[in-house]
Amino acid sequence: MALPPPDPQFVLRGTSAAVHTLHFSCGGPEPDTPLLFSGSENGFIHVWNLKTHRVDKALDGHGRKSVYCVETMGGKDRLLSQGRDQRICLWDLAEGRTSVTDSVFTEHVGFCRCSLLKVAQGRWLMAVAARSLEEVQILELPSKTSVCTLKPEVGAKLGMPMCLKLWQLNCGSQPVLLAGYEDGSVVLWNVSMGKALSQLVCHQEPVMSLDFDSEKARGISGSSEKVLSIWSLNEQQNLQVYKTHKLVSAGISDITIRPDKKILATAGWDHRIRIFGWKKLKPLAVLDYHTGTVHCVSFSDHSNPRERLLAAGSKDQRISVWSLYAQT
Amino acid sequence: VCFIPGGLDCSISFVSHVLGKVCIHGRQKEILGVLVPRLMDLTNSDCIWQRICWRLVECVPDRWMEAVVLGFVQGAPRADVLSRLLGNLVVKNKKAQFVVTQKMLLLQYGHATAVLQSLLGYLSLDSVRRTLLLRVLQELLETWSSNSAVKHSPPEQQLYISKAILICLSHLKKPEIESCRQELLTSMMVGVKCHLDSSLPQLRRLGMVVAESISLKINTEGPVLKFEYEEDNETRELKSLLVQTPPFCVVPSLPDDDRSEKADAALPLVPESNEKPHTAAAVMPDEELGAELDSDDDLIPYDMSEDKELKIKAPVYIRDCIEVLTGSGSEDLDKWEATIKALESLVRKNPAAVREVSVELAKILLHLEEKTCIEGFVELRQRAQVAVLTTDPIPVAKYLTSQFYSLNYSLRQRMDILDVLVLAAQELSCPKFHGKTKPSGAQKPCIQLLPGSDSSKDWRRIVDERIKSKTRRFVTGQSHVELASCPNEFNSVAGHFFFPLIQHFDRPLTTFDLLGEDHLVLGRLVHTLAILMYLAVNTVAVTAMGKALLEFVWALRFHTDSYVRQGLLSCISSLLLSVPAERILADMTEELLETQSWLGDVVEKDSDGDCRRLALQNLLLMENLKKKLEVLPS
């Protein structure tokens with residue numbers, strides 16, 4: 001007899017606006033408080049203290065325009081946020097400060113979240129959707145120099161880039177970008193050469209979100225239709241469809257794979273969070289707590305596996321935090 | 001007919017006279033049927049024979065020239081043949097010129113497309129004659145773009161002129177188009193406006209196709225005019241005329257099959273270039289070789305039986321629906337959508353509740369605009385409106401008919417009111433038994449119900465069907481399902497639907513003038529009245545309705561729009577079918593006699609074929625009526 005799905009461990013309220021993005025920072029050594037960063041539609045970034053379940057700080061750097069991406073850059077003292085004011089802001093949060101140290105004006109008016117990859121100590125690569133419709137720009141941070149611009153060939157009709165993921169197989173190898181586009185295809189780009197290595201049409205509708213497991217060379221993408229698509233990367237750097245999974249309702253906003261690659265979570269337009277096993281995409285749980293579209297899901301980076309959490313932010317202005325399959 | 005060859009100077013004028021006399025007596029086909037093929041062969045390569053032929057036709061006396069030229073044009077299979085046979089006759093002879101450029105193109109319209117092709121091709125083949133071609137095109141365009149021609153000439157003639165214009169356009173070369181570009185443009189603009197104004201869809205389509213073609217010719221680069229219309233055989237045929245394959249030399253023994261080749265337009269085949277670049281899209285087999293250990297087993301799934309598709313609940317009470325539809329709740333569009341979809345069934349299930357708020361609901365539905373993109377929004381709204389109207393007919397009909405004549409509604413809304421009234425009337429007058437509701441043609445219910453287009457025997461069939469459906473049988477011979485009869489609900493409300501619509505038609509408002517520009521709505525109104533009249537059979541008010549309708553028809557009988565006239569004639573049909581014969585005889589004899597003479601006029605003189613047919617129907621119905629009355633003892 002299967003157990004009924006668990007309730008959230010706790011719920012964070014107080015953003016007073018729909019939550020669009022979440023990012024954990026719990027990996028620090030013991031005296032550090034585990035934190036959760038959330039970006040909302042009213043332009044605020046809230047820093048939640050996961051011990052007291054209260055907001056420690058509220059950052060206002062995007063002119064009250066919706067914040068749709070937050071990432072930390074090596075620790076909780078440096079934060080990157082991307083908003084609908086077409087800017088990416090770099091924050092310095094050390095020692096109680098809350099100041100914007102730098103900003104990049106991307107001129108991108110869409111909703112494509114940027115992707116960060118640490119390539120060396122103090123150096124990151126960031127992939128952002130550029131001003132021109134189909135292009136993705138790779139910038140180096142903190143220098144903000146442009147590494148290259150990835151342009152699809154003329155007549156490819158991919159549409160806007162919808163989601164990006166930069167990764168590299170191991171520390172020394174070439175960084176690669178996976179980009180999901182409006183026409184439903186996922187393209188693998190070689191960043192150093194600026195060329196597309198492979199393109200795969202995964203969906204009939206725009207790709208809303210994707211995530212990739214570099215160890216298994218397999219990735220998963222969700223779209224506005226009822227299908228999840230799992231694809232793999234073979235030795236010739238070609239993308240192939242591995243499997244598809246049909247969902248009950250259409251629309252996935254976000255997909256994320258847990259760092260230990262055992263389970264993955266999807267955020268659905270039907271207000272539900274679904275958990276699957278990553279190996280065989282076995283459906284594990286349907287978490288039905290929210291009363292509005294779930295916009296984002298994120299796994300925590302606790303060093304102690306038993307403390308691992310899953311957080312989901314929704315249009316109903318609440319962030320639910322769950323503890324699931326923490327024992328494995 | 002044999003000719004003696006060999007360097008003799010013979011006079012052919014005698015032969016011309018004979019030819020002319022034969023043709024004028026109507027024997028063109030016979031004589032030219034023999035003559036033309038022979039001449040065709042002879043003139044194919046031999047110049048002398050060509051000259052002889054030209055002399056032959058030139059010598060035909062003027063009084064017989066027309067018949068001869070007509071015969072030749074119809075008999076010649078292709079333009080180049082005609083050119084060889086007639087030479088520059090059109091330039092030299094005034095009568096021939098008149099026949100070819102005026103009579104056959106503008107005054108007659110019965111000739112086949114192939115004849116048009118050969119005629120216009122003939123004009124285009126010689127540089128001397130090309131000036132005539134341009135002149136012909138100008139005159140054709142003048143006719144095409146004239147407002148009165150569009151309104152009063154029969155559709156067949158307009159089709160003929162459109163074909164001629166397209167063929168002319170296909171023959172014009174670039175420098176010629178450049179020289180008359182301005183005129184082409186102006187006539188196109190004026191002409192397309194007249195055509196789009198018409199109420200008949202066929203004429204609108206004709207105008208659109210011709211305008212598109214003209215625009216294509218004059219704007220070789222840059223944006224071209226493009227209309228949206230349904231393609232059918234006629235439009236495809238017209239478009240194929242625009243492309244001309246050049247006349248090629250034909251082996252003399254095969255005269256006929258190139259005509260069909262020319263008619264097949266040489267449309268360039270668009271290469272199938274829309275295959276996406278095939279990147280590796282092979283699906284890997286599900287079971288990987290080297291089976292993986294199922295290490296997902298240590299993750300135990302939770303209970304997921306509650307997981308179903310998320311359904312937004314529609315409100316259950318009518319008043320809640322009203323709130324959702326009027327509320328400024330623009331946030332909850334999901335609920336709005338669900339309400340729209342559920343509204344019709346809710347209305348039908350809660351008649352008492354609906355009666356309390358019927359007029360308010362009707363008002364909301366009339367003004368409802370599409371907020372999100374729902375499939376079939378227009379039909380959903382219309383069905384909800386019909387449901388409200390049938391649940392509480394009298395107040396809602398009063399509201400709707402008053403709004404029909406009010407200020408500040410769009411033409412679309414006014415026509416929607418008419419459609420809703422018709423559908424509701426149909427529903428109310430049909431006896432309710434399962435499985436027999438007629439499908440609602442959402443676009444034009446009017447056309448489905450009109451009995452006038454059937455043969456005159458059909459009225460009997462319709463009457464019989466109605467009698468059968470409304471009587472109750474005590475003993476069923478075979479195993480029919482016994483049809484329950486029930487009171488005709490339309491009876492008590494027919495007058496409320498009908499009379500307010502007919503009341504104010506001659507009072508123009510600032511934004512709505514039925515007798516003026518808005519003749520499309522007038523046409524629809526007239527058709528609606530015809531249907532309401534038809535459905536009102538056996539109701540108490542039918543005689544009064546009949547009289548009012550007869551007066552209405554009389555006032556409008558000379559209307560210039562043929563769609564309106566068709567509607568008026570269907571009104572007469574409905575009247576003759578619905579009002580009981582005795583009442584017609586008793587109350588409306590004089591009016592009927594006047595109408596009969598008007599109908600006789602329409603049969604003979606009306607330019608529209610459908611009008612003539614409907615008028616004939618009505619006269620037959622009247623005859624049947626008279627016979628029926630004679631049979632009954634007085």
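The values are calculated or read from the model by the stated rules, or taken from the named source; none is laboratory data. If you're wondering where the values come from, they're calculated on a predicted model, not measured in any experiment. Virtual Cβ from ideal backbone geometry, glycine too; neighbours counted across all protein chains shown. For accessibility, only protein heavy atoms count, side chains too; no ligands or nucleic acids. Shrake-Rupley method; radii C 1.70, N 1.55, O 1.52, S 1.80 Å.
Would you check which residues across the stretch A:244-256 are farther than 19 Å from residue A:188 by Cα and either of a type in the set (Gly, Ala, Ser) or away from every other protein chain (no Cβ under 11 Å) (or both) and list them?
A:245, A:246, A:249, A:250, A:251, A:252, A:253, A:254, listed by residue number.
Does residue A:260 qualify as being of a type in the set (Asp, Glu), open to solvent by 10 Å² or more (accessible area, probe 1.4 Å) and out of contact with any helix residue (DSSP H, G or I) (no Cβ under 9 Å at 6 or more places or on another chain)? Spell out the reasoning first.
Working: of a type in the set (Asp, Glu): yes; open to solvent by 10 Å² or more (accessible area, probe 1.4 Å): yes; out of contact with any helix residue (DSSP H, G or I) (no Cβ under 9 Å at 6 or more places or on another chain): no.
Answer is no for this residue.
So if I check each of A:282, A:246, A:226, which one is touching a Phe, Trp or Tyr at 6+ places or on another chain (Cβ under 7 Å), free of Cβ contacts under 8 Å to residues at least 60 places away in the same chain, more than 30 Å from residue A:73 (Cβ to Cβ) and open to solvent by 10 Å² or more (accessible area, probe 1.4 Å)? Can you show your working first?
On the way: A:246 fails: touching a Phe, Trp or Tyr at 6+ places or on another chain (Cβ under 7 Å); A:226 fails: touching a Phe, Trp or Tyr at 6+ places or on another chain (Cβ under 7 Å).
After ruling out the rest, the residue left standing is A:282.
When you check residue A:90 against the structure, is it outside any loop (DSSP other than H, G, I, E, B), crowded, with 20+ Cβ neighbours inside 10 Å, of a type in the set (A, V, I, L, M, F, W, C) and modelled with pLDDT of 90 or more, yes or no?
No: the conditions fail for residue A:90.
Give the residue, chosen from B:324, B:316, that is at pLDDT below 90, away from chain A (no Cβ under 14 Å) and in a loop (DSSP other than H, G, I, E, B).
On inspection, the qualifying residue turns out to be B:316.
Only residues in the stretch B:605-634 that are more than 12 Å from residue B:569 (Cα to Cα) count as the first member; pair them with residues that are surrounded by fewer than 16 Cβ atoms within 10 Å (Cβ to Cβ) and among the hydrophobic types (A, V, I, L, M, F, W, C), Cβ under 8 angstrom, at least 6 apart or cross-chain, and list the lot.
Close Cβ pairs (under 8 Å, with a partner that is surrounded by fewer than 16 Cβ atoms within 10 Å (Cβ to Cβ) and among the hydrophobic types (A, V, I, L, M, F, W, C)) amount to B:625/B:581; B:628/B:581; B:629/B:581; B:629/B:585.
Please determine, by comparing only the residues of the stretch A:203-223 that are buried (at least 17 other Cβ atoms within 10 Å of the Cβ) and touching a Gly at 6+ places or on another chain (Cβ under 6 Å), which one is nearest to the other protein chains (Cβ to nearest Cβ).
So, considering only residues that are buried (at least 17 other Cβ atoms within 10 Å of the Cβ) and touching a Gly at 6+ places or on another chain (Cβ under 6 Å), the one nearest to the other protein chains (Cβ to nearest Cβ) is A:203.
Quick one: is residue A:119 at pLDDT below 90 and assigned to a strand (DSSP E or B)?
Judged against the criteria, residue A:119 is a match.
Output the helices (runs of 4 or more DSSP H) that fall wholly within the stretch B:540-628 and possess 2 or more residues being over 24 Å from residue B:524 (Cα atoms), or say none.
B:581-587, B:589-605
Six or more apart or on different chains, Cβ under 6 Å: which pairs go from a residue in the stretch A:287-302 that's open to solvent by 10 Å² or more (accessible area, probe 1.4 Å) to one that's modelled with pLDDT under 90 and among the charged types (D, E, K, R)? Could you list them?
Close Cβ pairs (under 6 Å, with a partner that is modelled with pLDDT under 90 and among the charged types (D, E, K, R)) do not exist here.
Return the only residue of A:7, A:32, A:56 being over 21 Å from the mean Cα position of the chain (by Cα) and within 14 Å of another protein chain (Cβ to nearest Cβ).
Answer to the check: A:7.
I'd like to check something: does the stretch A:164-171 contain any residue that is over 24 Å from residue A:229 (Cβ atoms), touching a strand residue (DSSP E or B) at 6+ places or on another chain (Cβ under 6 Å) and without any contact (Cβ under 8 Å) to a residue 60 or more places away in the chain?
The answer is no, given that none of the residues of the stretch A:164-171 is over 24 Å from residue A:229 (Cβ atoms), touching a strand residue (DSSP E or B) at 6+ places or on another chain (Cβ under 6 Å) and without any contact (Cβ under 8 Å) to a residue 60 or more places away in the chain.
Filter the stretch A:125-147 down to residues that are outside any loop (DSSP other than H, G, I, E, B) and either modelled with pLDDT of 90 or more or within 12 Å of residue A:104 (Cα to Cα) (or both), then give me how many there are. Before the answer, list the steps.
Narrowing the stretch A:125-147 to residues outside any loop (DSSP other than H, G, I, E, B): A:125-129, A:136-141, A:145-147.
Narrowing further to those that are either modelled with pLDDT of 90 or more or within 12 Å of residue A:104 (Cα to Cα) (or both): A:125-129, A:136-141, A:145-146.
Going through the stretch A:125-147 one residue at a time, the tally reaches 13.
Having 3 or more residues that are open to solvent by 40 Å² or more (accessible area, probe 1.4 Å) is the bar; report the helices (runs of 4 or more DSSP H) wholly within the stretch B:56-159 that clear it.
Those helices (runs of 4 or more DSSP H) span B:62-75, B:127-144, B:147-152.
Tell me whether the stretch A:307-324 contains one or more residues that are touching a Ser or Thr at 6+ places or on another chain (Cβ under 8 Å), within 12 Å of chain B (Cβ to nearest Cβ) and closer than 27 Å to residue A:205 by Cβ.
Yes, the stretch A:307-324 has at least one match.
For a quick check of your reading of the model, give me the residue pairs whose first member lies in the stretch B:549-560 and is under 23 Å from residue B:494 (Cα atoms), whose second is in a loop (DSSP other than H, G, I, E, B), with beta-carbon atoms closer than 8 Å and at least 6 apart or on different chains.
B:550/B:588; B:552/B:505; B:555/B:506
For residue B:505, are the conditions met, namely being assigned to a loop (DSSP other than H, G, I, E, B) and crowded, with 17+ Cβ neighbours inside 10 Å?
Yes: the conditions hold for residue B:505.
Quick check on this structure: which one of A:119, A:109, A:100 is within 23 Å of residue A:217 (Cα to Cα) and β-branched (Val, Ile, Thr)?
A:119
May I ask you to verify whether residue A:323 is farther than 13 Å from residue A:8 by Cα, small (Gly, Ala, Ser) and out of contact with any Cys (no Cβ under 7 Å at 6 or more places or on another chain)?
For residue A:323, the condition - farther than 13 Å from residue A:8 by Cα, small (Gly, Ala, Ser) and out of contact with any Cys (no Cβ under 7 Å at 6 or more places or on another chain) - is not met.
State whether one or more residues within the stretch A:212-219 are in a loop (DSSP other than H, G, I, E, B) and farther than 16 Å from residue A:186 by Cα.
yes
Can you tell me which residues in the stretch B:591-604 are open to solvent by less than 50 Å² (accessible area, probe 1.4 Å) and either touching a Lys or Arg at 6+ places or on another chain (Cβ under 9 Å) or in contact (Cβ under 8 Å) with a residue 60 or more places away in the chain (or both)?
First pass over the stretch B:591-604, keeping only residues open to solvent by less than 50 Å² (accessible area, probe 1.4 Å): B:592, B:595-596, B:598-600, B:602-603.
B:595, B:598, B:602, B:603 - these are the residues of the stretch B:591-604 that are open to solvent by less than 50 Å² (accessible area, probe 1.4 Å) and either touching a Lys or Arg at 6+ places or on another chain (Cβ under 9 Å) or in contact (Cβ under 8 Å) with a residue 60 or more places away in the chain (or both).
Would you check if residue B:301 is facing chain A (nearest Cβ under 8 Å) and in a loop (DSSP other than H, G, I, E, B)?
yes
I'd like to know if the stretch A:232-243 contains one or more residues that are away from chain B (no Cβ under 13 Å), in contact (Cβ under 8 Å) with a residue 24 or more places away in the chain and touching a Cys at 6+ places or on another chain (Cβ under 8 Å).
No, the stretch A:232-243 contains no residue that is away from chain B (no Cβ under 13 Å), in contact (Cβ under 8 Å) with a residue 24 or more places away in the chain and touching a Cys at 6+ places or on another chain (Cβ under 8 Å).
Could you tell me which residue of the stretch B:213-263 is farthest from residue B:38 (Cα to Cα), considering only residues that are modelled with pLDDT under 75 and not in a loop (DSSP other than H, G, I, E, B)?
Ranking the candidates gives B:263 first.
Restricting attention to the stretch A:18-41, report how many residues are in contact (Cβ under 8 Å) with a residue 12 or more places away in the chain and surrounded by fewer than 17 Cβ atoms within 10 Å (Cβ to Cβ). Quick ask: steps written out before the conclusion?
Narrowing the stretch A:18-41 to residues in contact (Cβ under 8 Å) with a residue 12 or more places away in the chain: A:18-28, A:32-41.
Imposing the further condition that a residue be surrounded by fewer than 17 Cβ atoms within 10 Å (Cβ to Cβ) reduces the set to A:27-28, A:32-33.
Number satisfying all stated conditions: 4.
Residue-wise test of (1) under 18 Å from residue A:291 (Cα atoms); (2) touching a strand residue (DSSP E or B) at 6+ places or on another chain (Cβ under 8 Å); (3) modelled with pLDDT of 90 or more; (4) among the aromatic types (Phe, Trp, Tyr).
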{"residue": "A:2", "(1), (2), (3), (4)": "no, no, no, no"}
{"residue": "A:19", "(1), (2), (3), (4)": "yes, yes, yes, no"}
{"residue": "A:40", "(1), (2), (3), (4)": "yes, yes, yes, no"}
{"residue": "A:43", "(1), (2), (3), (4)": "no, yes, yes, no"}
{"residue": "A:53", "(1), (2), (3), (4)": "no, yes, yes, no"}
{"residue": "A:60", "(1), (2), (3), (4)": "no, yes, yes, no"}
{"residue": "A:68", "(1), (2), (3), (4)": "no, yes, yes, yes"}
{"residue": "A:71", "(1), (2), (3), (4)": "no, yes, yes, no"}
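Which of the strands (runs of 3 or more DSSP E) contained wholly in the stretch A:162-206 include at least 1 residues that are basic (Lys, Arg)? If you could, list the steps in order and put the result at the bottom.
Working: elements: A:176-181, A:185-190, A:195-201.
Counting at least 1 such residues, we get A:195-201.
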